[in-house]
Amino acid sequence: MGNEKEAFVHIQNLRKRILEHDEKYYKLANPIISDQAYDQLKKELEELELTFDPLGLFPSKQESKDYIKSPDVGDDRLESFSSHRHLNPMLSLDNTYDRNDFFDFDKRLRKIFESSSLPYVVEPKIDGVAISLTFKNGIMTRAVTRGNGIEGDDVTKNLLHIRNIPTDLSSFPLPEILEIRGEIYMSHEEFERINKEREKAGLPLFANPRNLAAGTVKLLDPKEARKRKLEVVLYGLGGCEPSNYFSLQSQFHESLKNWGVPVVEFFQSVSSAEEAWQSITMLDNVRHEYAYPTDGAVIKLNSIEMQKKAGSTSKAPRWAIAYKFESERQSTLLEDIIMQVGRTGTITPVACLRPVQLAGTTVSRASLHNADEIQRKDIRIGDRVIVEKAGEIIPQVIEVEKQYRNQETTSFIFPKFCPTCQSSLVRSEGEAAWRCPSSACPDQTKARLQYFASRNCMDIDHLGEAVVEQLVERNLVCRISDLYKLTTEKILQLDGFAHKSAQNLIHSIVQSKDRELWRLLCGLGIKHVGTAAAKDLSNKFLSLQALTESSRQELIEIDGVGDTMAESIFNFFREEENVLMINELIRLGLKTNYDLSTAKSSYLSGKTFVLTGSLVSHTREKASEIIESLGGKVSASVSSKTSYLVAGPGAGSKLQKAKSIGVEILSEEELLKLINN
Ligand SMILES: [Zn+2]
């Protein structure tokens, strides 16, 4: 790129693209390119700016109204939250995938300090949502997002329910005012739990834990936010009064540990860049075992005075750098795109790939999400594509390697008809997915039956995928209730069945008639209703009959049921097809009542609970009632006879006592789990 005019156009383009991606990443928590591709764009822009626009503006161009300012720190602020100014700016770090950049960083600093080697600390780079917690005399007063680096959104309300967030450092001496920086994240486990629930409820899956955590932090409904378990890990020092309270980053880290707040497991003090590099390599080997997603290492000058002396550019501190590890990605051939029909009729395009090794597994399929995604990325059959298995989760097609594209390929045309039943596909306004509208669609029937029989629903043995397939293809079963009309003779028509195995299957099906009500409710496959909601509904309505007659209002009033779910349940029981099926299930003798005798069981008998602090989902009275209904005892004070102390926010002396005599402590969430088991 020789001349300034060309460079200007190119720089403008890059800035525009980066701003668009920033918007998607920071505000909508829904990026459309990989981190690595994004970092590449930023790097390209930086290099051009350095040559052509070092002051961040083209002198001759900045008057023009379409001049685009160089993007600085991504801005996550939303109008719905109030802004709060950080005591010390909260900058993001310069980052690199290149080992040489790291050593250049060290060289620059050594020049400033005229030293042959410098002491650093090495920490993991956590791929979460940056947060700043303000403590006044040890009490947390505020949680604020990074925002634009100067001021961020006050999200205190959405974070207070986080189990491991420290609200009281309760240890002295302490600085008067202290900003602790850290990261909110969602564990892989929780991410998978939520996606499994969504899969069961027939909803589109979330792409990765980082975006889901970011979305949850900014949820406008704190009640909804509480349902997703977030965690926090703290590592950074923001503003502090008195400002010379800490002299070393390692000392600050020790203090965090002493205060008992969640800290990173990996923290090493080193005395040179070479040692830091060894430490970085070591981190890459162990980081996959951490509960939080990591994507690199952060290297900081250990001395806080030296940090101050090195200072910052407008975008990033000069005393720290992030070295990012390459994510697990591979290039491979996209051999075909096939359509999967889900049990609610949702059509999911799936990429069939030439098998590649990724993160220790062979990957041959990747979800393409929906028609828009294929169009946006212009994915074609026969393309070479980059596949990524980020954070050991669902493989994704990141981008097409267009430079290898065969000229004969053509744009992918999304089918207009269901691949199995040939119905015209439909798409409701505002939805990304196309659906097959026919409830008689064999693929949907198969998926519904498999779901009904699955372990989380009716748990019917011997009724696996292959059997379901045959039952549907031979027209032996068209709807769920048909299962209960099967006979040994009919099963014997299927491949691979002998008299004994046919009897076993029939026996399992008959046995399932007595399953608990929530299992049946879940198995019906009402959109948005997973196991948790099915249990809530069962506890509330006590019979299938009562649930079918419930009003929208009654449904919405249940904790855990939102507008969308209520609407979906209400509509489900008003579809003729479903009404017929349910009547048939009742006639065939399935249990459709909540069995109070087993509910008021005694599986908490002999256990004594003490409740302290404030609880969120129930009042203490209500919680006590539930515990007692399950045979447990609730007592007012902690003693050696106490089995569990349930501690909500604000728990004080009882918590201290329980800790000192070794009573098991439960969070509210853990209590709910125990109750719902
Ligand atoms: Zn169909």
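The values are calculated or read from the model by the stated rules, or taken from the named source; none is laboratory data. Keep in mind that what you see is a predicted model, and the values were worked out from it rather than measured. Backbone-built Cβ (ideal geometry, glycine too); neighbour counts: all protein chains shown. Remember, those area values only see protein heavy atoms, side chains included, never the ligands or the DNA or RNA. Shrake-Rupley method; radii C 1.70, N 1.55, O 1.52, S 1.80 Å.
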statement: Output for Cβ contacts, cut-off 8 Å, separation at least six or different chains, first residue under 15 Å from E123 (Cβ atoms) in region 239-253, second part of a loop (DSSP other than H, G, I, E, B), reads L248/N302; Q249/N302; S250/F267; S250/N302; F252/F246; H253/F267
field: Boolean, L78 is modelled with pLDDT under 85, in contact with an Asp or Glu (Cβ under 7 Å, 6 or more places away or on another chain) and on the phi < 0 side of the Ramachandran plot
entry: yes
Flag for T362 being over 16 Å from Q340 (Cβ atoms), more than 16 Å from the ligand (Cβ to nearest atom), of a type in the set (V, I, T) and in a loop (DSSP other than H, G, I, E, B): no
Residue among S643, S639 that alone is touching a strand residue (DSSP E or B) at 6+ places or on another chain (Cβ under 7 Å), more than 18 Å from N164 (Cα to Cα) and at pLDDT 80 or above: S643
message: Please go through region 161-194 and give me each residue that is in contact with a strand residue (DSSP E or B) (Cβ under 8 Å, 6 or more places away or on another chain) and in a loop (DSSP other than H, G, I, E, B), ordered by number.
response: I162, R163, N164, I165, P166, T167, L169, L174, P175, E176, M186, S187
query: Here are some conditions: (1) of a type in the set (S, T, N, Q); (2) over 26 Å from E575 (Cα atoms); (3) open to solvent by 70 Å² or more (accessible area, probe 1.4 Å). T487 meets all but one. Which one does it not meet?
result: (3)
message: Every residue in region 332-368 that is within 29 Å of S439 (Cβ to Cβ) and not aliphatic (A, V, I, L, M), please.
response: D336, Q340, G342, R343, T344, G345, T346, T348, P349, C352, R365, S367
task: Would you check which residues across region 336-358 are open to solvent by less than 40 Å² (accessible area, probe 1.4 Å), modelled with pLDDT under 90 and away from the ligand (no atom under 16 Å from the Cβ) and list them?
output: V356, L358
- prompt: Given region 195-263, what helices (runs of 4 or more DSSP H) lie entirely inside it while holding 3 or more residues that are over 30 Å from C522 (Cα atoms) and open to solvent by less than 70 Å² (accessible area, probe 1.4 Å)?
  reply: 249-258
message: So, restricting to helices (runs of 4 or more DSSP H) that lie completely within region 570-677, which ones have at least 1 residues that are buried (at least 17 other Cβ atoms within 10 Å of the Cβ) and not assigned by TED's automatic domain parsing to the domain that holds M458?
response: 620-629, 653-661, 668-676
statement: When restricted to Q403, Q375, Q396, the only residue more than 16 Å from the ligand (Cβ to nearest atom), surrounded by fewer than 20 Cβ atoms within 10 Å (Cβ to Cβ) and modelled with pLDDT under 90 is Q403
- prompt: Any idea which residue in region 407-449 is farthest from E335 (Cα to Cα), counting only those that are more than 10 Å from the ligand (Cβ to nearest atom), touching a residue at least 24 places away in the same chain (Cβ under 8 Å) and of a type in the set (A, V, I, L, M)?
  reply: L449
Filter result (among the small types (G, A, S) and more than 30 Å from S303 (Cβ to Cβ)) within region 215-236: G215, A225
query: Among the residues of region 497-511, is any within 16 Å of the ligand (Cβ to nearest atom), crowded, with 18+ Cβ neighbours inside 10 Å and among the aliphatic types (A, V, I, L, M)?
result: no
- request: Check E192 against each of (1) within 22 Å of the chain's Cα centre (by Cα); (2) open to solvent by less than 10 Å² (accessible area, probe 1.4 Å) and name the one condition it does not meet.
  value: (2)
message: Given (1) touching a strand residue (DSSP E or B) at 6+ places or on another chain (Cβ under 8 Å); (2) more than 30 Å from D98 (Cβ to Cβ), identify the lone condition not met by F325.
response: (2)
- prompt: Could you list, in sequence order, the residues of region 169-180 that are at pLDDT 85 or above and either within 14 Å of K257 (Cα to Cα) or open to solvent by less than 20 Å² (accessible area, probe 1.4 Å) (or both)?
  reply: L169, L174, P175, L178, E179, I180
- request: Scan region 184-204 and report the pairs whose first residue is within 21 Å of N158 (Cα to Cα) and not assigned by TED's automatic domain parsing to the domain that holds A533 and whose second residue is aliphatic (A, V, I, L, M) and part of a strand (DSSP E or B), with Cβ atoms within less than 7 Å and a gap of 6+ or a chain change.
  value: I184/V129; I184/I131; I184/V232; Y185/I126; Y185/V233
